[in-house]
Every structure is written in C-alpha cells, then in structure tokens.
1. May I ask you to list the residues in the range 58-84 that are over 16 Å from Cys129 (Cβ atoms), surrounded by fewer than 16 Cβ atoms within 10 Å (Cβ to Cβ) and not charged (D, E, K, R)?
2. Scan the range 139-158 residue by residue and report those that are outside any loop (DSSP other than H, G, I, E, B) and over 21 Å from Lys86 (Cβ atoms).
3. When you look at Asn136, is it assigned to a loop (DSSP other than H, G, I, E, B), at pLDDT 90 or above and either touching a His at 6+ places or on another chain (Cβ under 7 Å) or under 26 Å from His172 (Cα atoms) (or both), yes or no?
4. Can you name the number of the only condition in (1) in contact with a helix residue (DSSP H, G or I) (Cβ under 8 Å, 6 or more places away or on another chain); (2) of a type in the set (A, V, I, L, M, F, W, C); (3) assigned to a loop (DSSP other than H, G, I, E, B) that Leu126 fails?
5. Out of the range 62-77, which residues are at negative phi and more than 19 Å from the chain's Cα centre (by Cα)?
6. What are the residue pairs meeting all of these: first residue in the range 86-102, first residue within 16 Å of Val41 (Cβ to Cβ), second residue among the aromatic types (Phe, Trp, Tyr) and in a strand (DSSP E or B), Cβ atoms under 6 Å, and 6 or more apart or on different chains?
7. Which condition breaks for Tyr161 when tested against (1) at pLDDT 90 or above; (2) not in a strand (DSSP E or B)?
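The values are calculated or read from the model by the stated rules, or taken from the named source; none is laboratory data. None of the values given here were measured: they were computed from a predicted structure. Heads up, the Cβs are rebuilt from the backbone with ideal geometry, glycines too, and the neighbour counts pull from every protein chain shown.
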Amino acid sequence: MASSQLIALIPFLFLSLAIHLTTAEEPLPQPPKLAEKVTDVVVEGVVYCQSCEQHGTWAVDGSKPIETATISVICKDHRNRISYYKACETDKNGYFYAELKGFKLSHSFLDHPLHSCKVKLVSSPLKTCNFLTNVNYGLNGAPLRYEDKRILGSNYEAVIYAAGPLAFRPAHCTPKAEEP
C-alpha cells in the first residue's frame, strides 16, 4: 500500500519540479527606476542704457532697461578653450534668464560656472544707446555671482547665478554746463 501511494505521488513531484524550474528562469520583477535628477545652470541679470549723468562710472542709477538687448555667456575649460557659448536676449524689463542647457562640468573645480563662465554684452537694439561699456565688466566679461538662488522640483533643480547689471550708453553725451 505504501508503494502504491508513493507511485501516485511521483507525477505530482515531477509536476512541482517542472513548475519550480520554469518559474526559476523568469527574472524577478524590478522596482520602477526613479527618474534621474536634472540640474541646470542658469545665469540672470539686467541690461540698461546708462544715463549720460552716470557716464564714466559704473553706476546705473536713473538708467533705463533695454528690451531685446543681446548678451552672451561664454565658458572656458581649464585649458582656456571655449567649452560653452550661448547668446540670449533680454525681456521688456531688460532682464535675461539664460539656461545653460548642455553645459557640462568636465573638471569639478576649474570648469565650475563661477570660475569658467562670463557674461558679455553683444548688441543693443537702440540706435541712441548702443555703445558698449565695461560696467561690471560687461565688455571684458562679467563674472558670475552665486546668490544662493535655486528652483527645486521633484526631479529638477536649477542653480541660478547672477551677473551684472550691465549697461550700454549713448555714443555722445552732451557735456554738463559748469556752474560759475
């Protein structure tokens, strides 16, 4: 009787072994991958038309913002080669917000935006105010400032640096009349 019960169990043993072998081959389900966090570098600032009263200074008091002025962001690598370039226009308030899409840090310290990127004036749409000035080094390249500004999202972060303010000026300013 024991042998007949054993013979009856053999097909069940083979069936359970077959089920085990087929399920062991299938990969275990993987947890869904978390989206990689994207970090963008952004440069912001304002471009003005410097008033003639401030001519020869770096002051922008009384200056008017320039709409559609063009600036450029130029980044150089640790060998002083241009590694990134972007041109950007200002809005109606003279404000620019340049997202440096594709900017890569190949050397963690030397190619950091604070050390490797500068903002330069390119052009002004105003015929009456299109002379380049070096206010805040807009002609030679304004350095970036870190002001602890960030935009945070669930999988996004933008680190915002500031440059300027920058200014164009009129090519000719009438000299001030001296008081007697």
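1. Scanning the range 58-84 gives Trp58, His78, Asn80, Ile82.
2. Applying the first criterion (outside any loop (DSSP other than H, G, I, E, B)) to the range 139-158 yields 142-143, 145-152, 156-158.
Asp148, Leu152 - these are the residues of the range 139-158 that are outside any loop (DSSP other than H, G, I, E, B) and over 21 Å from Lys86 (Cβ atoms).
3. no
4. (1)
5. Filtering the range 62-77 down to residues at negative phi leaves 63-67, 69-77.
The answer is Ser63, Lys64, Pro65, Ile66, Glu67, Ala69.
6. Filtered contacts from the range 86-102: Cys88/Phe96.
7. With respect to (1) at pLDDT 90 or above; (2) not in a strand (DSSP E or B), Tyr161 is out only on (2).
Every residue, every condition in (1) assigned to a strand (DSSP E or B); (2) touching a Lys or Arg at 6+ places or on another chain (Cβ under 6 Å); (3) basic (Lys, Arg); (4) at pLDDT below 95, yes or no:
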| residue | (1), (2), (3), (4) |
| --- | --- |
| Ser72 | yes, yes, no, no |
| Cys75 | yes, no, no, yes |
| Arg79 | no, no, yes, yes |
| Tyr84 | yes, no, no, yes |
| Ala87 | yes, no, no, no |
| Asn93 | no, no, no, no |
| Lys101 | no, no, yes, yes |
| Ser106 | no, no, no, yes |
| Asp111 | no, no, no, yes |
